[in-house]
4 protein chains.
Amino acid sequence: MGKLWEKKTKPDPHVIKFTVGKDYILDQRLVKYDCLCSIAHAKMLNRISVLSEDELLGIVKVLKEIMELDKEGKFKIEIQDEDSHTKIENFLVQKLGDVGKKIHTGRSRNDQVLCALRLYYKDELKEIEKLVNSLIASIKDFVERYKKVKIPGFTHTRKAMVSSIKLWGESFIEALRDDLKILKSTFNLIDQSPLGTGAGYGIPVLKIDRNYTKKLLGFKRVQRNPMYVQNSRGKFEGEILSALSMIMYDVNKLSSDIIFFSMGDMGIFKIPEEFTTGSSIMPHKKNPDVFEIARSKYSKILSLEMRVKMVPLNLISGYHRDLQETKEIVFEGFDTVKETLSVISKVVKKLKVNKERAKELLTGELFATEQVYKLVKNGVPFREAYKIIKEKYS
Amino acid sequence: MGKLWEKKTKPDPHVIKFTVGKDYILDQRLVKYDCLCSIAHAKMLNRISVLSEDELLGIVKVLKEIMELDKEGKFKIEIQDEDSHTKIENFLVQKLGDVGKKIHTGRSRNDQVLCALRLYYKDELKEIEKLVNSLIASIKDFVERYKKVKIPGFTHTRKAMVSSIKLWGESFIEALRDDLKILKSTFNLIDQSPLGTGAGYGIPVLKIDRNYTKKLLGFKRVQRNPMYVQNSRGKFEGEILSALSMIMYDVNKLSSDIIFFSMGDMGIFKIPEEFTTGSSIMPHKKNPDVFEIARSKYSKILSLEMRVKMVPLNLISGYHRDLQETKEIVFEGFDTVKETLSVISKVVKKLKVNKERAKELLTGELFATEQVYKLVKNGVPFREAYKIIKEKYS
Amino acid sequence: MGKLWEKKTKPDPHVIKFTVGKDYILDQRLVKYDCLCSIAHAKMLNRISVLSEDELLGIVKVLKEIMELDKEGKFKIEIQDEDSHTKIENFLVQKLGDVGKKIHTGRSRNDQVLCALRLYYKDELKEIEKLVNSLIASIKDFVERYKKVKIPGFTHTRKAMVSSIKLWGESFIEALRDDLKILKSTFNLIDQSPLGTGAGYGIPVLKIDRNYTKKLLGFKRVQRNPMYVQNSRGKFEGEILSALSMIMYDVNKLSSDIIFFSMGDMGIFKIPEEFTTGSSIMPHKKNPDVFEIARSKYSKILSLEMRVKMVPLNLISGYHRDLQETKEIVFEGFDTVKETLSVISKVVKKLKVNKERAKELLTGELFATEQVYKLVKNGVPFREAYKIIKEKYS
Amino acid sequence: MGKLWEKKTKPDPHVIKFTVGKDYILDQRLVKYDCLCSIAHAKMLNRISVLSEDELLGIVKVLKEIMELDKEGKFKIEIQDEDSHTKIENFLVQKLGDVGKKIHTGRSRNDQVLCALRLYYKDELKEIEKLVNSLIASIKDFVERYKKVKIPGFTHTRKAMVSSIKLWGESFIEALRDDLKILKSTFNLIDQSPLGTGAGYGIPVLKIDRNYTKKLLGFKRVQRNPMYVQNSRGKFEGEILSALSMIMYDVNKLSSDIIFFSMGDMGIFKIPEEFTTGSSIMPHKKNPDVFEIARSKYSKILSLEMRVKMVPLNLISGYHRDLQETKEIVFEGFDTVKETLSVISKVVKKLKVNKERAKELLTGELFATEQVYKLVKNGVPFREAYKIIKEKYS
């Protein structure tokens, strides 16, 4: 069986390969969500009398079968299937005949894919929320073990004032908690049901019930305007990647700090050897590759954010195939953030602090500000006190 | 009087010019907020007995005087003043002598500038919220005038199904309302008081009262961790610019549509002539420059967002002078968005629709989907109905 | 056998998986180049008497065997092999024993991978040069068929002056020829041998002959400074992606034009049906997906360029594992550009022009400028002539 | 006198302000180049008999007068003048009457502004070439003073092998020399005369002589296709900013190194005190602000590059007002790079090295690779030697 939009003229295979791109691979993770959307959609079609009770039961049974097959890795989308939508509809028609041909009533692939994507995004955002919480827990663990240790605090990459493991660790905990808020706002923004808006101009003739599918699928609200549904493709993805970039911003800084504080000449942090790598020429090296790669992923997420926000640039309203690209971009974003958070959490938990070295590095100039404030306490105006102490360091 | 950090060795003037950059110009808009922060800070210093009642009164009086002068454009920061902080402190010392030298007790320029910036950001975000609401109102006006007019709806830049001015206009209203939510989340995120965190490692010896200044300045909560306060520089700015980019995303699409629908061969929209520009060689041209420039501003905001998110990349925790750059970036972002929204609101309100031309463009193929659904209504399975109608267009 | 840098402590498998990333997949395309570099390196080691004639022959024989296996797809790098370097060295040791252990003398994986990458980059740039030339040939074909057809020329997305298929097509030919120059400059820039610079600080004790390997490998010159060799990682890749972005800039504009001129209400260009796709809801649609996807790839290349230029940001000199990311970025860039050029060339060649429709669209206002110049020819000063004609269009 | 494209309907002042933007300020630096182009254009008009000998003399005289006034700062473009073209043409008409009205014969503002911009770009690129050479000279100076000093070389931000001031400095010299090549390629690419292509569709009726103006203006070649001339706007600017980004890439790394090597705990480099700045709270600080700001400018140039490459995204061929934005972007790019190179050259020249500290930091592990090679020299296969030495560091 062929594409859902099959035409008389045989399409050119080179063009098909180029336009399908990686869709057939990417869509594998959408099969489950596509089935969930189709089940809700079928229930709604039954409610408005487009599908009979029996037809509904048949369709739901086959869709659940597909989800089962998919879970076991037996529902593989191949390049000739084009994507998950085609594969699923074809499977339904094969199993149910004419009944299968009714499933696409009252929807377009445009709202169908957005529906599946939104459900998928919501699951991924929840997963990432968990991973952020697990990184917070790892940092807490680490802080708990070393909280009393004082370390030098830096500004302008040079010693400034006394800091501590507690201050250091908690700065990231507070940062990540802000990220959780950003994640939540993003989740709330995209938690809108696009199902029932067709190709961006609604469904003519038929009276469909968008509130019902919204409820069945657990969306917070209906995204009303069909054209906005299409125009929000790229925009919502931009919001998601912006949220992810904030997490990676903090991971970048955390990693930068760990690399800096663990270098030989600093030696305050110690990355356990099983988490380091060596060099093919320098036998002494114990490199912090895991943090370097984690650090670099911020650039990756930033460029993905930029890309997803660039694709729809200067295009008029309504769907354009360009927007298909946004799928791969967000998937890559989710995968990257999940992998990074997961490995970082593990290593941060095991991080060690060299207390002696920390002490050695608490050199005099770190206490200059304290000395100023001791004078202030004795009544010297701040600016005077500052000048007096400055003399000592000139 | 000199810089707050003046050293014995005379700094090189070329270096001073390069490092001050545009700060002395940019800071002009911070004078007001810097004074507000200093007033709150002084009240807190009085509360913890660092300043006497009289000293407080003196300081507050001079700070209010500065705000008054600034309002009248008489408190000009010059390049030799370096920035608003230095200029204000010097002014205080000049007027109050030793008392002025106490104002910097318990703070650093690092938390001081962040405090002023946050207040300023909050005001700008509120201003932009107003402008978004005013654009929504303009679109509503426009829709009200032409709501019954049907127009062609496009996908893939070609005619798809019947749309309408109402559908078109409301898509942007719903989009902009989502933007208002994003703005609000951003506002909530940054609504944290940084005052009292010094240079990122707290204030030693002195017991300052951060909750008190928070309350006085109207912040929603205290940003606890001093190092996070510094590390959030760049991050919060990134969030702001990401929110602005979402607004400009919608402005870009709105402008793209208006340019497209108003071109001669389409002719549905008409931009009143007083809002168009001509050509120096082609006497017939009436160009939509205002929407082209509005459209291009999305690229500007995107690149500013990228820049502000890039500056802190791979830097360790704690302040770096690199972060100073973020000030100019956000200022440019605010100005650009405000100017664009303001002019666009004005023109959209006056936009005209050529009803005859709209009718002419409602050609047959726009109704193909409707024909499919009429068959579906008569019991033909969707996919069959689709194939029957397809025959007619092959 | 293990990693080249194997340590006593067993590395954590999660960390290994994260740090290896996709290297084991990406490196498959480097096997050939890695062998070529190793052959040249071995010959040089023989020349400076580190390898005997027999050892050299043994090594070269096995490396050629690997190249043969690789060509047949039988030298698969698995995740436990880490990357091509490890896999190849292990294979050599397995086949040759102690002799295999000598191949890494006088080099590090740092210069080794750069050497293989440069050879690979050079091949890809040559391949892309061919594809650009083939797109030029396709456009020429198209222009040849329709060169006499006049079409409207647009500025500000509205009709400006008379243009022609010839003018249109030749604009892209001239643009692509500039791209060929940019490609050539990039090729020349990166055509430098990095082999023999070790990990960025040269090879101690041993006197290696860098000119000899340079000559054997066909590099134009030696990249002298070992630290610059490492620091140019990211920079050279940035240059490559910048060159690719210029090609995609032109492809973006070409695609935008074709989409615009082929939409129903314009109808000048016609994309043969076998190169279009349909809609799952609208039976009449013939969509230009191939050009929409081609158009979107400019955003992809731009974001890859940005990413590769961002990764090394703010890092000190010398190799960092972050730079490993640049490999994937450039590979993705090459693949994207090659696929796009190849499919676009095919479709452009078959593009049709509807001459009647083109004529219909040559409406009066397109000749306004011509009318001005006719007056000018009769002695009216240009600005006067402009004003006279302008009257007619007000 | 009014705009060159003035229409009957009075344009809205708010729209005028928005569309003019900063053009009237930016164009100040184009006055000179605009006059040069106009002089060449007038000479060509005389050659093809559009202007008489007397008319030509009159026009050239006034244009030279404008250049003189401009040099003295007395030819100020005000907002009501719109831009340099309008101001100059109005001035000509005021002085010469009808003769002035002839200067715009055979050109549009589109090719006129591109002509002025190209000449300006060429001058700026030459200026930047000089500044790069001057930075090279400063580094040479520095290397000369300290060339024998050994310092630790880093990979993965940890000690790797022995390096030296010579190796360090020369890496940047070689890098900057590559940048000079890139600058030269960019110069060659844009060295094309756009004059005589009108608004993108040529000049009708009149036979103009493009080779003649090309020769007069010193362009290397004529940019033939009029539509490509317009389409290359954004593209050439992208090439320029990409070249600038490569320079700033090296400045970023140079600055990162200097900040790193001059921090207290490293102490190898010393930035003379007159080039450092202090802190308002910490009296001991001597901060490397000049290098931090220099470092941050890479992000600025990168985001400008991105922006200029984004503006034309997805737009059809032919001029769009969006492209006007590219002017400001490139100007900002040139200014930023010039300022940064100039100040950095000055400071690098005066940089000091603490030889004792450098010696102290040459700790044992830096010699591990050397020890391996000593074993290799005695006949131990490299991989064996590596393992033997590795034992010592485990």
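Would you be so kind as to list the residues of segment B:154-175 that have their accessible area lowered by at least 30 Å² in the full protein complex compared with their chain by itself (1.4 Å probe)?
Buried-area filter returns B:Phe154, B:Thr155, B:His156, B:Thr157, B:Arg158, B:Lys159, B:Met161, B:Leu167, B:Ser171, B:Glu174.
How far is helix B:31-47 tilted, in degrees, relative to the longest principal axis of the Cα atoms in chain B, given as a value from 0 to 90 rounded to the nearest 10?
Value to nearest ten degrees: 50.
Across the residues of D:35-44, average count of Cβ atoms on other protein chains within 10 Å?
0
So for segment D:13-102, taking the charge dipole from beta-carbon charges (+1 Lys/Arg, -1 Asp/Glu), which of D:His41, D:Gly100, D:Val15 sits furthest toward the positive end?
Toward the positive end, the furthest listed residue is D:His41.
Relative to the longest principal Cα axis of chain C, at what angle does helix C:53-71 sit, 0 to 90 degrees, rounded to 10?
40
Among A:46-59, C:197-210, B:378-391, D:20-33, how do they line up by average Cβ neighbours within 10 Å per residue, starting with the highest?
Top to bottom by mean Cβ count within 10 Å: C:197-210, D:20-33, B:378-391, A:46-59.
Taking all protein chains as present, what is the carbon and sulfur share of the accessible area of segment A:13-102, in % to the nearest whole number, probe 1.4 Å?
Solvent-exposed carbon and sulfur of segment A:13-102 make up 53 percent of the total.
How many angstrom lie between the Cα centre of segment D:231-283 and the Cα centre of segment C:52-66?
Going from one Cα centre to the other spans 47 Å.
Divide by every residue of chain C the summed helix terms, -39500 (n - 2.57) for each DSSP H run of at least 4, and state the resulting mean residue ellipticity at 222 nm, rounded to the nearest 500 deg cm²/dmol.
Estimated from H runs of four or more residues: -20500 deg cm²/dmol.
Which residues does the label zone of D:Arg47 cover in segment D:216-238, counting backbone N under 17 Å from a point 7 Å along Cα→Cβ?
Under 17 Å, as judged by backbone N against the label point of D:Arg47, lie D:216-224 of segment D:216-238.
Identify, among A:Leu57, A:Ile77, A:Asn90, the residue whose Cα sits farthest towards the positive end of the charge dipole of segment A:43-101, taking +1 on the Cβ of Lys and Arg and -1 on the Cβ of Asp and Glu, with the dipole about the Cα centre.
A:Leu57
Round to a whole angstrom and tell me the spacing of the C-alpha centers of segment A:309-388 and segment C:150-203.
Cα centres, segment A:309-388 to segment C:150-203: 39 Å.
How many nanometers, to one decimal and shortest first, lie between the label point of C:Lys349 and those of its other copies, if labels sit 7 Å from Cα toward Cβ?
Distances to the matching label points in the other copies: 5.7, 5.8, 6.0 nm.
Report the accessible surface area buried between chains B and A, summing both sides, using a 1.4 Å probe on protein heavy atoms only, in Å² rounded to the nearest 100.
What B and A bury together is about 8300 Å².
Sorted by mean Cβ packing within 10 Å, highest first, what order do the peptides D:215-222, B:283-290 take?
B:283-290, D:215-222
Taking every residue in A:109-118, how many Cβ atoms of other protein chains lie within 10 Å of its Cβ, on average?
1
Evaluate the relative contact order of chain B (contact order divided by residue number), counting alpha-carbon pairs under 8 angstrom at least 6 apart; express in whole percent.
Rounded, it is 17 percent for chain B.
With a 10 Å radius around each residue's Cβ, average the other Cβ atoms per peptide and rank C:369-377, C:306-314, highest first.
Packing order, densest peptide first, comes out as C:306-314, C:369-377.
Give, rounded to the nearest 20 debye, the magnitude of the charge dipole that the protein assembly as shown has about its Cα centre when Lys and Arg contribute +1 at Cβ and Asp and Glu contribute -1 at Cβ.
0
Which ³J(HN,Hα) values in Hz, rounded to whole numbers, follow from the phi angles of segment B:149-164 under the Karplus curve 6.51 cos²θ - 1.76 cosθ + 1.60, where θ = phi - 60° and Gly and Pro get x?
6, 8, 9, x, x, 10, 10, 6, 6, 9, 4, 10, 9, 6, 10, 7
Could you work out, residue by residue across C:225-236, how many beta carbons of other chains sit within 10 Å of that residue's beta carbon, and then give the average as an integer?
6
Let me spell out the model: positive unit charges on the Cβ of Lys and Arg, negative unit charges on the Cβ of Asp and Glu, origin at the Cα centre of segment B:21-175. What dipole size does that give, in debye rounded to 20?
Here segment B:21-175 has a charge dipole of around 1060 debye.
Where only protein heavy atoms count, and the probe is 1.4 Å, what is the accessible area per residue for segment C:13-102 in Å²?
Heavy-atom SASA per residue in segment C:13-102 reads 45 Å².
Quick check: the angle from helix C:235-261's long axis to the longest principal axis of chain C, C-alpha only, nearest 10 degrees?
30
Counting only heavy atoms of protein chains, what accessible area per residue, in Å², does segment C:219-325 have with a probe of 1.4 Å?
That works out to 12 Å² for each residue.
What are the nm distances, shortest first, from D:Glu273 to its equivalents in the other copies, labels at 7 Å along Cα→Cβ?
Computed spacing set for this position: 4.7, 7.2, 8.5 nm.
Label position 7 Å from Cα toward Cβ: report the copy-to-copy distances for C:Thr363 in nm, one decimal, ordered from shortest.
Relative to the other copies, C:Thr363 has label-point distances of 1.5, 7.7, 7.8 nm.
What FRET efficiency comes out for C:Ile25 versus C:Lys387 if R0 is 41 angstrom and r is the Cβ-Cβ distance? Round to the nearest 0.05.
Efficiency for this residue pair is about 0.05.
Just need the relative contact order of segment B:89-239 here, percent rounded to a whole number, with Cα pairs under 8 Å and 6+ apart.
So the answer I get is 26 percent.
Magnitude of the Cβ-charge dipole of segment B:198-324, K/R +1 and D/E -1, about the Cα centre, nearest 20 debye?
900
When only Cα pairs under 8 Å and 6 or more residues apart are kept, what is the percent relative contact order across segment B:273-394?
Relative contact order, segment B:273-394: 16 percent.
Where along chain C is the Cβ that lies nearest the axis linking it to chain A, and how many Å separate them?
Closest to the axis: C:Ser303, 2.
Excluding C:Ile240 itself, calculate the net charge of residues whose Cβ lies under 9 Å from the Cβ of C:Ile240, where each Lys or Arg counts +1 and each Asp or Glu counts -1.
Residues near C:Ile240 contribute -4 overall.
If you add up the charges near D:Leu30, with Lys and Arg at +1 and Asp and Glu at -1, over every other residue whose beta carbon is less than 9 angstrom from its beta carbon, what do you get?
Taking every Cβ under 9 Å from that of D:Leu30, the sum is 0.
The values are calculated or read from the model by the stated rules, or taken from the named source; none is laboratory data. Everything quoted here is computed from the prediction, not taken from an experiment. Virtual Cβ from ideal backbone geometry, glycine too; neighbours counted across all protein chains shown. Heavy atoms of the whole protein, side chains included, go into the accessibility calculation; ligands, DNA and RNA do not. Shrake-Rupley method; radii C 1.70, N 1.55, O 1.52, S 1.80 Å.
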